[in-house]
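> Here it is, the structure, as structure tokens.
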Amino acid sequence: MDTKLDGLASQGAQIQDHETRLRSLEQRRWPLQTVSIVAGAIGAGTGLFALLGR
């Protein structure tokens, strides 16, 4: 039983490291989504302006 508990303790550190790596990847993803949303809004605004400007 002691061996199993020691194994769980070492896995806890690995799980925490995994969480840290996932969070860093998710933080890098947000700027790309923001840029794509802004670019889409600008494109839609330009299209609407061209359509109504005729």
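The values are calculated or read from the model by the stated rules, or taken from the named source; none is laboratory data. This one's a predicted model, so the numbers in the text were calculated from it and none came from an experiment. When the accessible area is computed, the model is the full protein with side chains, heavy atoms only, and any ligands, DNA or RNA have been set aside. Shrake-Rupley method; radii C 1.70, N 1.55, O 1.52, S 1.80 Å.
> Return yes when Thr46 is at pLDDT below 65, open to solvent by 70 Å² or more (accessible area, probe 1.4 Å) and in a helix (DSSP H, G or I) and no when it is not.
Taking the combined requirement at face value, the residue does not satisfy it.
> Need the failing condition index for Arg54 against (1) in a helix (DSSP H, G or I); (2) at pLDDT below 80, just the number.
(1)
> May I pose another question? Just the residues that are at pLDDT below 85, of a type in the set (A, V, I, L, M) and more than 11 Å from the chain's Cα centre (by Cα), please, taken from segment 13-42.
Ala13, Ile15
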